[in-house]
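Just below is one structure, and these are the notes that go with it.
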Amino acid sequence: MWILITGTLSTTSLLQAVSSWAGVTYVVGFYLIARRSEQAYTQDTFRLIPVEETRLYLGNLLSSFVMFFYIVGVEVLLHLAGIGIGWNALRKDMGSIFSAHPVDLGPNSPWDIAKVAMIIALLLLVVLILMWTTITFVHLVVSATSNFLPSASKRLVNFVLYIVVIFLVVRVAAFLIVLFSKVTSSFSIGGGLMNLWLPIAGMVLVIVIESAASVFLLKKWVETVPN
């Protein structure tokens, strides 16, 4: 809309608009999906379904992924449409950039680059799963403590939990930024792959522990609330 008002419409305007708002779309979509997903653990509508807690947990996690990747699919289609519309201009710009700054892969083959790209994609997928399992775990802990703690103690526990979660999120984000900067600044396939596999293994372990704890809380401590 702003492009139309200012009169700067071009063949790359769609791609620019979609790329500019992609981050906001993902954040808002993730929040809405997570909010809806957490309601399934405490509302009568879902908890009274005759299904075992482990299946409820895994099914809810899977449905969250389906909804999130639906958003990703829409974004990909919009980006492809923008690239198709502005292809001539983009090809000209990319040709100028590559002519001025040739890409040197060094000793790495295109297949080596592809392997690292796939492992980075796997890392991002594991980070997404970890975010969901952590949100679910904290939400279930808060729901469980609210059943037997007095109001003052409950508020204190919730405050401490949220502070811990924020701290962990910041630490994980800082760790990933440093990790990516090391991998991209001195690009060595062998060292790069090892640097990526270690955090993936650690996060998978945390996901398993959080999931087991969440299922235990669902079975023993978390009670439903009326809709």
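Here is how the numbers come out for the structure above:
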{"item": "Enumeration of residues in segment 177-227 that are at pLDDT 70 or above and over 22 Å from Leu61 (Cα atoms)", "result": "Val178, Leu196, Trp197, Leu198"}
{"item": "Residue match in segment 36-53 (condition: modelled with pLDDT of 90 or more, outside the structural domain of Met131 (by TED's automatic domain parsing), under 22 Å from the mean Cα position of the chain (by Cα) and of a type in the set (S, T, N, Q))", "result": "no"}
{"item": "Counted residues, segment 119-155 - those being modelled with pLDDT under 85 and exposed (fewer than 13 other Cβ atoms within 10 Å of the Cβ)", "result": "7"}
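The values are calculated or read from the model by the stated rules, or taken from the named source; none is laboratory data. Since the structure is predicted, the reported quantities are computational estimates derived from the model, not experimental observations. Counting neighbours? That spans all protein chains shown, and the Cβs are built from the backbone with ideal geometry, glycine included.
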